[in-house]
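Engineer: Input: one structure, supplied below.
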Amino acid sequence: MRPTTPSHTPTDQDPDTPYDKDAAGGWGSLTGVAHIFGEVSTQTRALEILAHLNKPKGVMCSSCAWAKPAKPHKAEFCENGAKATLWELDEGRADAEFFAAHTLSELKTWHDHDLEKSGRLTTPMRYDPAYDIYRPVGWDEAFADIGNRLKALADPKEAVFYASGHAGLEASYLYALFARAMGHQNLPQSSNMCHETTSVNLKTFIGTPVGTCTLEDFEECDAIFFFGQNTGSNSPRFLHVLKDAVERGCRIVTFNLVRERGLLKFVDPQNVAQMTIGSATTISEKYYQVRPGGDIAVIAGLMKCVLDAEASAPGRVLDHAFIENETSGYEETIAALETITWDDIETHSGLTRAMITEAAEIYLGADKAIGIYGMGMTQHVNGWLNLGMLCNLLLMRGNIGRPGTGISPVRGHSNVQGQRTVGIGEKSSHMPADKLRALFGIEPPEEEGLNAVHACEGLLEGRVKALVSLGGNLLRALPDSARMEAAWPGLELTVSIATKLNRSHLVPGKVGYLLPCLGRTDEDIQETGPQAVSMEDSLSHIYGSIGSAKPPGPEVKSETAIIAALAKATLPENPRLKWEEWTGNYDLIRDLISETYPDKFPRFNDRLFQPGGFFKGNPARERDWQTETGKAQFTPPTLISALGEPPTGKDVMTLITLRSNDQFNTTIYGFSDRMRGLKGSREIVLINRDEMARLGLEEGQKVDLVTAIDDGVTRRVEGFKIRAYDLPPGCIAGYYPELNPLVPLGYHEKNSQTPAYKGTPVRLVSTP
Ligand SMILES: Nc1nc2c(c(=O)[nH]1)N[C@H]1C(S)=C(S)[C@@H](COP(=O)(O)OP(=O)(O)OC[C@H]3O[C@@H](n4cnc5c(=O)[nH]c(N)nc54)[C@H](O)[C@@H]3O)O[C@H]1N2
Ligand SMILES: Nc1nc2c(c(=O)[nH]1)N[C@H]1C(S)=C(S)[C@@H](COP(=O)(O)OP(=O)(O)OC[C@H]3O[C@@H](n4cnc5c(=O)[nH]c(N)nc54)[C@H](O)[C@@H]3O)O[C@H]1N2
Ligand code: SF4
Ligand SMILES: [Mo]
């Protein structure tokens, strides 16, 4: 697949001032925001809306899922939050006139950046295959036709309802209810490509699908261990928490392939002294450039050091009482650990024993430690063992379920965790059957539904016929994206509910609808007046959010209203499914959420605007282990690497796909990866200089990348430029979503099917 080039010339927009050259935050982040002001014309109220971002009764940032503190700063947002907000407040319009002027074939030649930059969607559209354009359609006609087509499916299980983690809890609950009332739970979500490794495996290990930490833990911990999470780009306000922790003496150790700026040093844009005098806070006291998939080996080494320390000071290092009373599998785990040699550890981690011992000393010196991780751990074939090992390390010293300790996966989309909490998921446990029966008289499906990878397999095999998408850009986000794009037009029906145009909308099914919705910043007025929506953050706190911007057009409807109308048009009459009433008053939906999930959402409406959000609770935090054994589970290290197919042959490299701070997933704001000192084209391959010399490659040379997995499919992307970069040997890096055609659909985490976006074997082929 040949990449599309942007229709404009990417420029250098982010001159860092000299004193924060090497730090994240600071003036650099402010110029990043200014650049978005230049790119999209935004409503004059933009600054006022930003001033209330992430504050009670303001808008909750629609970008990442980081926590919103009870006592916010004056400006409680980061560069990315501002970008996402301004991008949504865009005054440009992709309206009926826009669509009349461009065929989908033409729009397919546009860059992702330019598609979204065409502005907010304003009118419901239906694809006209005769002219290859989208044409306006009335809402009533659209709802009726979609409803009829969903009803006409031979089996409701031929429908798939995808959700990206944006939409609020209210719309998400109705979506999950709609699917089950229709008779399926094919509810894949963006987390299937993200933290599904967490949802499935943490549940097995410690009995909770989410992290155990709250903000208070970060105020008490003595050490934080980071594995494969890029705070500076992906959850920037978390840097303030880390800075405060470092300043009170907490020690931070990071394992990452790339020397990511935010985790090295940080200039606080809220701190006048740091901004003007320019002393940046060192975040990671130790930073180790581990090899891809090398975290199992690293943690095996750390665990060995813990055992050595225990041998020197028996009874003083391990938390014996905790291991005895609260865990199972310890002996088997230690037995497996003992078969691993330091040679294996050094080879697979790329670090020396001395380095790992030095890091272990920090772990041993901490009474309370926290383990943090992100996609560097989850997006691997053996991501399950990455998480198993991190749990092992923490459990050895009782570092879960005590204040100041815990395991903390940093989640992505602003409401990705919450959508799962209110039923978006393929399992019956996501929306309890007894509640569905009692509240609505619905007999829900028992058969497990399809996750993202299984839905794609179903689509390739012709079992999946209709796809509804609540946000997102599935065709760009999925693995094997070129192969999936070829299969997509075989769908009988596609329905996309979206704010902005993206590549997925350009590949409709035989019947294709594009329905414009309000974003979170937009005012949402229904029959009973202005409505709030709500979301859950990475640390399991739930908040209300009220939009106040003028909607992009009179026809644009809220996500809640669109889903309710689709459900009403599809389902048989049932007086207990009060779609219209619920649309008129979202408080009623929150009451239903309380009734369906009484443990997590008691008095939901009363607590909607509690400063800092309300905590939904976490059993592992209380040492209530809801696992099969009723105990926290140690996991024997039966493998030494998280890679599925370690590179064989001299020319095979492990590909990791990265995101820049100038993108939010498939939304490309611009072409500057300021934090990594890269700018201009995104069609680049990063590789270290020794590997360049070994493979006979030169800076700027163009190469094709070909997947080195032999499953009968050729996967190739063409014309990517070589760029020297500080990476461990044996690996190359490039950007998501440009490189997604290379990742095979079947190459995924073993238990959860999370694609192995961080560990795909590929060959570089020089092109003339
Ligand atoms: N600006 C911005 N913010 C975002 C997003 C965005 O696209 N842009 N996306 C949001 C979403 S949906 C998500 S899920 C999160 C993702 O946020 P993160 O979890 O931080 O995910 P990535 O940036 O994909 O990769 C994380 C890091 O893993 C490292 N890494 C790769 N392989 C390995 C490995 O084998 N071991 C170790 N130790 N490290 C490795 C990479 O160098 C990278 O720094 O961010 C959210 N926030
Ligand atoms: N190679 C590779 N692939 C990856 C990853 C990787 O690290 N490497 N990361 C994976 C991860 S972590 C994730 S989460 C997925 C993300 O996959 P998705 O969630 O599917 O993708 P996004 O890019 O977040 O979706 C962007 C689109 O959402 C729509 N949108 C924005 N705001 C709203 C809103 O308020 N409402 C509605 N209805 N629509 C809205 C807009 O139309 C926009 O174009 O990608 C995955 N893919
Ligand atoms: S850290 Fe995340 S939630 Fe907070 S303002 Fe930045 S992007 Fe938004
Ligand atoms: Mo994600």
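Engineer: Please find, among 129, 69, the residue that is closer than 27 Å to residue 374 by Cβ and away from ligand 2 (no atom under 16 Å from the Cβ). Give the steps one after another, and end with the answer.
Structural biologist: Working: 129 fails: closer than 27 Å to residue 374 by Cβ.
The unique qualifying residue is 69.
Engineer: Would you pick out the residues in the stretch 101-144 that are assigned to a strand (DSSP E or B) and either open to solvent by less than 20 Å² (accessible area, probe 1.4 Å) or touching a helix residue (DSSP H, G or I) at 6+ places or on another chain (Cβ under 9 Å) (or both)? Break it down stepwise before answering.
Structural biologist: Of the residues in the stretch 101-144, the ones assigned to a strand (DSSP E or B) are 120-121, 125-128, 133-136.
Residues satisfying the conditions are 120, 121, 125, 126, 127, 133, 134, 135, 136.
Engineer: Out of the residues in the stretch 464-480 meeting the condition of being buried (at least 24 other Cβ atoms within 10 Å of the Cβ) and assigned to a helix (DSSP H, G or I), tell me which one is farthest from ligand 3 (Cβ to nearest atom).
Structural biologist: 474
Engineer: Answer with yes or no whether residue 114 is at pLDDT 95 or above, of a type in the set (Asp, Glu) and over 30 Å from residue 212 (Cβ atoms). Steps first, answer last, please.
Structural biologist: On the way: at pLDDT 95 or above: yes; of a type in the set (Asp, Glu): yes; over 30 Å from residue 212 (Cβ atoms): yes.
Yes: the conditions hold for residue 114.
Engineer: Go through (1) assigned to a loop (DSSP other than H, G, I, E, B); (2) open to solvent by 40 Å² or more (accessible area, probe 1.4 Å); (3) within 30 Å of residue 55 (Cβ to Cβ) one by one and return the number of the condition residue 636 breaks.
Structural biologist: Answer for residue 636: the failing condition is (3).
Engineer: What number of residues within the stretch 415-442 satisfy the criterion of being assigned to a helix (DSSP H, G or I) and either more than 16 Å from ligand 2 (Cβ to nearest atom) or open to solvent by less than 10 Å² (accessible area, probe 1.4 Å) (or both)?
Structural biologist: Our first condition is that a residue be assigned to a helix (DSSP H, G or I); within the stretch 415-442, this holds for 416-421, 428-430, 433-440.
Next, only the ones that are either more than 16 Å from ligand 2 (Cβ to nearest atom) or open to solvent by less than 10 Å² (accessible area, probe 1.4 Å) (or both) stay: 416-419, 421, 428-430, 433-440.
Total satisfying the criteria: 16.
Engineer: Condition (residue is in contact with a strand residue (DSSP E or B) (Cβ under 6 Å, 6 or more places away or on another chain) and within 30 Å of residue 408 (Cβ to Cβ)) applied to the stretch 560-581: is it met by at least one residue?
Structural biologist: Restricting attention to the stretch 560-581, the residues satisfying the condition of being in contact with a strand residue (DSSP E or B) (Cβ under 6 Å, 6 or more places away or on another chain) are 562.
Imposing the further condition that a residue be within 30 Å of residue 408 (Cβ to Cβ) reduces the set to none.
Checking the stretch 560-581: not a single residue is in contact with a strand residue (DSSP E or B) (Cβ under 6 Å, 6 or more places away or on another chain) and within 30 Å of residue 408 (Cβ to Cβ).
Engineer: What number of residues within the stretch 343-379 are touching a Pro at 6+ places or on another chain (Cβ under 9 Å) and not in a helix (DSSP H, G or I)?
Structural biologist: To start, the set of residues in the stretch 343-379 that are touching a Pro at 6+ places or on another chain (Cβ under 9 Å) comprises 348, 350, 368, 372-374, 376-379.
So of that shortlist, the ones also not in a helix (DSSP H, G or I) come out as 350, 368, 372-374, 379.
Of the residues in the stretch 343-379, 6 are touching a Pro at 6+ places or on another chain (Cβ under 9 Å) and not in a helix (DSSP H, G or I).
Engineer: I would also like to ask the following. Of all residues in the stretch 509-531, which are part of a loop (DSSP other than H, G, I, E, B) and either open to solvent by 10 Å² or more (accessible area, probe 1.4 Å) or within 11 Å of ligand 2 (Cβ to nearest atom) (or both)? Give the steps one after another, and end with the answer.
Structural biologist: Narrowing the stretch 509-531 to residues part of a loop (DSSP other than H, G, I, E, B): 509-510, 518-521, 523-524, 527-528, 531.
Once the filter is applied, which keeps residues that are part of a loop (DSSP other than H, G, I, E, B) and either open to solvent by 10 Å² or more (accessible area, probe 1.4 Å) or within 11 Å of ligand 2 (Cβ to nearest atom) (or both), the stretch 509-531 yields 510, 518, 519, 520, 521, 523, 524, 527, 528, 531.
Engineer: Here's something else I'd like to know. Against the condition within 16 Å of ligand 3 (Cβ to nearest atom), touching a strand residue (DSSP E or B) at 6+ places or on another chain (Cβ under 7 Å) and among the hydrophobic types (A, V, I, L, M, F, W, C), how does residue 453 come out, does it pass? Walk me through how you get there before you give the answer.
Structural biologist: Numbers: within 16 Å of ligand 3 (Cβ to nearest atom): no; touching a strand residue (DSSP E or B) at 6+ places or on another chain (Cβ under 7 Å): yes; among the hydrophobic types (A, V, I, L, M, F, W, C): yes.
Judged against the criteria, residue 453 is not a match.
Engineer: Could you list all residues from the stretch 352-362 that are away from ligand 1 (no atom under 16 Å from the Cβ) and open to solvent by 50 Å² or more (accessible area, probe 1.4 Å)?
Structural biologist: Keep residues of the stretch 352-362 that are away from ligand 1 (no atom under 16 Å from the Cβ), which gives 352-354, 357-358, 360-362.
352, 353, 354, 358, 361, listed by residue number.
Engineer: Taking the stretch 171-206 as the search range and keeping residues that are assigned to a loop (DSSP other than H, G, I, E, B) and closer than 29 Å to residue 443 by Cβ, which one is nearest to ligand 1 (Cβ to nearest atom)? Show your work before the answer.
Structural biologist: Within the stretch 171-206, the first condition is being assigned to a loop (DSSP other than H, G, I, E, B), and the residues that meet it are 183-188, 194-195.
Next, only the ones that are closer than 29 Å to residue 443 by Cβ stay: 183-188.
On the way: 183: 30, 184: 25, 185: 23, 186: 21, 187: 18, 188: 15 Å.
This residue is 188.
Engineer: Considering only the stretch 740-768, state which residues are more than 22 Å from residue 451 (Cβ to Cβ) and assigned to a loop (DSSP other than H, G, I, E, B).
Structural biologist: Our first condition is that a residue be more than 22 Å from residue 451 (Cβ to Cβ); within the stretch 740-768, this holds for 761-768.
Passing the criteria: 767, 768.
Engineer: Give me the residue from the stretch 627-685 that is within 16 Å of ligand 4 (Cβ to nearest atom) and hydroxyl-bearing (Ser, Thr, Tyr) and, out of that set, nearest to the chain's Cα centre (by Cα).
Structural biologist: For the stretch 627-685, the residue satisfying everything is 666.
Engineer: Anything in the stretch 456-481 that is under 18 Å from residue 195 (Cβ atoms) and either aromatic (Phe, Trp, Tyr) or out of contact with any helix residue (DSSP H, G or I) (no Cβ under 7 Å at 6 or more places or on another chain) (or both)? List them, or say none.
Structural biologist: Of everything in the stretch 456-481, just one residue is under 18 Å from residue 195 (Cβ atoms) and either aromatic (Phe, Trp, Tyr) or out of contact with any helix residue (DSSP H, G or I) (no Cβ under 7 Å at 6 or more places or on another chain) (or both), namely 471.
Engineer: Now for a different question. Every residue in the stretch 211-246 that is within 16 Å of ligand 4 (Cβ to nearest atom) and either among the polar types (S, T, N, Q) or open to solvent by 10 Å² or more (accessible area, probe 1.4 Å) (or both), please.
Structural biologist: 228, 229, 230, 231, 233, 234, 235, 236
Engineer: Examine the stretch 320-329 for a residue that is among the hydrophobic types (A, V, I, L, M, F, W, C) and touching a strand residue (DSSP E or B) at 6+ places or on another chain (Cβ under 7 Å), and state whether such a residue exists. Walk me through it before giving the result.
Structural biologist: Residues of the stretch 320-329 that are among the hydrophobic types (A, V, I, L, M, F, W, C), as a first pass: 321-323.
Among the residues that remain, those that are also touching a strand residue (DSSP E or B) at 6+ places or on another chain (Cβ under 7 Å) are: none.
No, the conditions are met nowhere in the stretch 320-329.
Engineer: For residue 594, indicate whether it is more than 16 Å from ligand 1 (Cβ to nearest atom) and buried (at least 23 other Cβ atoms within 10 Å of the Cβ). Don't jump to the end; show me each part of the working.
Structural biologist: Values: more than 16 Å from ligand 1 (Cβ to nearest atom): yes; buried (at least 23 other Cβ atoms within 10 Å of the Cβ): no.
When the stated conditions are applied, residue 594 does not pass them.
Engineer: Is at least one residue of the stretch 703-716 more than 15 Å from ligand 2 (Cβ to nearest atom), free of Cβ contacts under 8 Å to residues at least 12 places away in the same chain and β-branched (Val, Ile, Thr)?
Structural biologist: So far as the stretch 703-716 goes, yes, one or more of its residues are more than 15 Å from ligand 2 (Cβ to nearest atom), free of Cβ contacts under 8 Å to residues at least 12 places away in the same chain and β-branched (Val, Ile, Thr).
Engineer: Of the residues 365, 412, 376, 404, which is open to solvent by 10 Å² or more (accessible area, probe 1.4 Å), over 21 Å from the mean Cα position of the chain (by Cα) and of a type outside the set (D, E, K, R)? Don't jump to the end; show me each part of the working.
Structural biologist: On the way: 412 fails: over 21 Å from the mean Cα position of the chain (by Cα); 376 fails: over 21 Å from the mean Cα position of the chain (by Cα); 404 fails: open to solvent by 10 Å² or more (accessible area, probe 1.4 Å).
None of the other options fit; the residue is 365.
Engineer: Do any strands (runs of 3 or more DSSP E) entirely within the stretch 222-321 hold 1 or more residues that are of a type outside the set (A, V, I, L, M, F, W, C), and if so, which? Quick ask: steps written out before the conclusion?
Structural biologist: Details: elements: 223-227, 251-255, 265-267, 286-288.
Once the strands (runs of 3 or more DSSP E) in the stretch 222-321 are filtered for at least 1 residues that are of a type outside the set (A, V, I, L, M, F, W, C), what remains is 251-255, 265-267, 286-288.
Yes/no matrix, rows are residues, columns are (1) acidic (Asp, Glu); (2) open to solvent by 10 Å² or more (accessible area, probe 1.4 Å); (3) at pLDDT below 95; (4) closer than 16 Å to residue 415 by Cβ:
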position	(1), (2), (3), (4)
154	no, yes, no, no
174	no, no, no, yes
191	no, no, no, yes
202	no, no, no, no
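Engineer: Determine whether the stretch 389-400 contains at least one residue that is open to solvent by 10 Å² or more (accessible area, probe 1.4 Å), over 29 Å from residue 755 (Cβ atoms) and touching a residue at least 24 places away in the same chain (Cβ under 8 Å).
Structural biologist: From the stretch 389-400, those open to solvent by 10 Å² or more (accessible area, probe 1.4 Å) are 397; that's our starting set.
Now narrow it down to the ones that are over 29 Å from residue 755 (Cβ atoms): 397.
In the following step, the residues that additionally are touching a residue at least 24 places away in the same chain (Cβ under 8 Å) were identified as 397.
Among the residues of the stretch 389-400, at least one is open to solvent by 10 Å² or more (accessible area, probe 1.4 Å), over 29 Å from residue 755 (Cβ atoms) and touching a residue at least 24 places away in the same chain (Cβ under 8 Å), which makes the answer yes.
Engineer: Further question on the same structure: Would you check if residue 254 is open to solvent by less than 10 Å² (accessible area, probe 1.4 Å), hydroxyl-bearing (Ser, Thr, Tyr) and within 16 Å of ligand 2 (Cβ to nearest atom)?
Structural biologist: On the way: open to solvent by less than 10 Å² (accessible area, probe 1.4 Å): yes; hydroxyl-bearing (Ser, Thr, Tyr): yes; within 16 Å of ligand 2 (Cβ to nearest atom): no.
So residue 254 fails the test.
Engineer: Of all residues being within 18 Å of residue 145 (Cβ to Cβ), away from ligand 2 (no atom under 16 Å from the Cβ) and touching a residue at least 40 places away in the same chain (Cβ under 8 Å) in the stretch 453-499, which is farthest from the chain's Cα centre (by Cα)? Just the residue, please.
Structural biologist: Step by step, filter the stretch 453-499, then rank; the result is 492.
The values are calculated or read from the model by the stated rules, or taken from the named source; none is laboratory data. Bear in mind the structure is a predicted one, so any value in this text is a computation, not a measurement. Reconstructed Cβ throughout: ideal geometry from the backbone, glycine too, with neighbour counts over all protein chains shown. Heavy atoms of the whole protein, side chains included, go into the accessibility calculation; ligands, DNA and RNA do not. Shrake-Rupley method; radii C 1.70, N 1.55, O 1.52, S 1.80 Å.
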